[in-house]
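Here the structure is laid out as structure tokens; the discussion comes afterwards.
The values are calculated or read from the model by the stated rules, or taken from the named source; none is laboratory data. Worth saying up front: this structure is predicted, and the values here are computed from it rather than measured. Note: ideal-geometry Cβ built from the backbone for every residue, glycine included; neighbour counts use all protein chains shown. Surface areas here come from the heavy atoms of the whole protein model, side chains and all, with no ligands, DNA or RNA. Shrake-Rupley method; radii C 1.70, N 1.55, O 1.52, S 1.80 Å.
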Amino acid sequence: MIRMILKILKWIGLSITSLLLLIILVGLCFRLFRDKPQPPGKLVDIGGFKLHINSTGERNSKPTLVIEAGAGGHSEYYNWIAEGLSDSMRVVRYDRAGIGYSELSDTPRDPETVARELHALLGRTGESPPYIMAGHSHGGHYIRVFKQLYPNEVAALVLLDSGHPDERERLPWPPSPSWLNSMYYTGAVLGDLGVLDLYVTLFGNIMLAPGLPKEVTDRYDDYFLDGKYLWGYLKEQEWHKSLEEMSKKVMVKDTLPIRVFAGTHLNEKALREMGLNPEKMRANRQKMQEEMAALSTNGKVFFLDGGHFTIFTKKENADIICKEIIELLGELEH
């Protein structure tokens, strides 16, 4: 009887191992024979690696809007903003190292390095200040660091549901589960083996943003041809605390125009399951968004009917943001 059970367990083990090897083999074949992705913008060498930049609108003497994505976010999320402003001003979207279509970099992902790489990218592609720096989520921290390093080149700040530097201390978010990073590492390794590409091909991409056109979301498949995107996110994540700390130091009162756009939607069910009060969380978040606008004598805050992403992935919300940015542009020109 025991001998029979051992034989069955051995057969199950061999079957599972064979299946895993087959999946990896098919994944590697996918990697070898896949066509190279065609980014909507262009890849620009900034010194040892290339960053993806996608610019729209004519170059002129007006300020240029430069969009910095959130943690692990890519430039395609801001499609409606770029499209809505293309007739009125120059708009630059880009992907940080490893993210989206950009290549990985061996350099640390500390905030100053990220800001200098963006500055180098703008210079090498012929963009010139003044810039209106727009930052979503963690991108709000990045643009404050950029402003600190290049104060004379920044004409205004636009914060898109941006993180507040004191958010970790003032909002009772539970710590991220310990297994989450392990999951990302596993995903990155599977990506390098071609398994993520195989999964996306068979089951579809889960990185979707409600409201964006299909031709945009279809390109998301390109991000998982290998593990680069997840490696890029993991490298950024190592510096998140540092980024927030540096952002605190530059949260000082200024006359620089600030426009803050924040979503009012929260995942109430998830918050209640974590033992948090949704209304209290909403009120605290709203107060922090108002504080960021109040840092400037020319600051305004707008609360939109959307969530952390849908305040700009839904066209009706992006149209509101575009309208206010065009008005801000008019103020800066006078």
Close pairs (7 angstrom Cβ cut-off, 6 or more residues apart or separate chains): farther than 12 Å from Pro174 by Cα and of a type in the set (Asp, Glu) in the stretch 265-280, open to solvent by less than 90 Å² (accessible area, probe 1.4 Å) and assigned to a helix (DSSP H, G or I) anywhere: Glu268/Pro278
Number of positions in the stretch 166-194 that are modelled with pLDDT under 75 and in contact with a helix residue (DSSP H, G or I) (Cβ under 6 Å, 6 or more places away or on another chain): 0
Selection status of Ala294, out of contact with any helix residue (DSSP H, G or I) (no Cβ under 8 Å at 6 or more places or on another chain), modelled with pLDDT of 85 or more and not polar (S, T, N, Q): yes
Residue that is most open to solvent (accessible area, probe 1.4 Å), among those in the stretch 132-141 that are of a type outside the set (Gly, Ala, Ser) and modelled with pLDDT under 95: His138
Residue tally, condition of a type in the set (A, V, I, L, M) and assigned to a helix (DSSP H, G or I), over the stretch 262-308: 7
Hits in the stretch 111-155 (condition: basic (Lys, Arg) and without any contact (Cβ under 8 Å) to a residue 24 or more places away in the chain): none
Number of positions in the stretch 168-215 that are charged (D, E, K, R) and surrounded by 15 or more Cβ atoms within 10 Å (Cβ to Cβ): 2
Hits in the stretch 245-264 (condition: more than 19 Å from Arg170 (Cβ to Cβ) and either open to solvent by less than 40 Å² (accessible area, probe 1.4 Å) or touching a Pro at 6+ places or on another chain (Cβ under 8 Å) (or both)): Leu256, Pro257, Ile258, Arg259, Phe261
Residue list for the stretch 283-292, filter: without any contact (Cβ under 8 Å) to a residue 40 or more places away in the chain and either among the small types (Gly, Ala, Ser) or surrounded by 17 or more Cβ atoms within 10 Å (Cβ to Cβ) (or both): Ala283
Count - residues of the stretch 100-128 that are touching a strand residue (DSSP E or B) at 6+ places or on another chain (Cβ under 8 Å), under 14 Å from Gly232 (Cα atoms) and open to solvent by 30 Å² or more (accessible area, probe 1.4 Å): 1
In the stretch 216-236, residue least open to solvent (accessible area, probe 1.4 Å) [restricted to those that are part of a helix (DSSP H, G or I) and acidic (Asp, Glu)]: Glu236
2 or more residues under 21 Å from Gly211 (Cα atoms): qualifying helices (runs of 4 or more DSSP H) within the stretch 56-169: 79-85
Breaking point among (1) over 30 Å from Ser61 (Cβ atoms); (2) surrounded by fewer than 18 Cβ atoms within 10 Å (Cβ to Cβ), for Lys300: (1)
Odd one out for Val114 among (1) modelled with pLDDT of 95 or more; (2) of a type outside the set (Lys, Arg); (3) farther than 25 Å from Val250 by Cβ: (3)
Extreme residue, least open to solvent (accessible area, probe 1.4 Å), among residues of the stretch 303-332 that are more than 26 Å from Pro210 (Cα to Cα) and either free of Cβ contacts under 8 Å to residues at least 40 places away in the same chain or in contact with a helix residue (DSSP H, G or I) (Cβ under 6 Å, 6 or more places away or on another chain) (or both): Gly330
Looking only at the stretch 62-84, and only at residues there that are closer than 24 Å to Pro129 by Cβ and among the acidic types (Asp, Glu), the one that is least open to solvent (accessible area, probe 1.4 Å): Glu68
Residue satisfying all of: in the stretch 28-45; among the aliphatic types (A, V, I, L, M) and at pLDDT 95 or above; least open to solvent (accessible area, probe 1.4 Å) among these: Val44
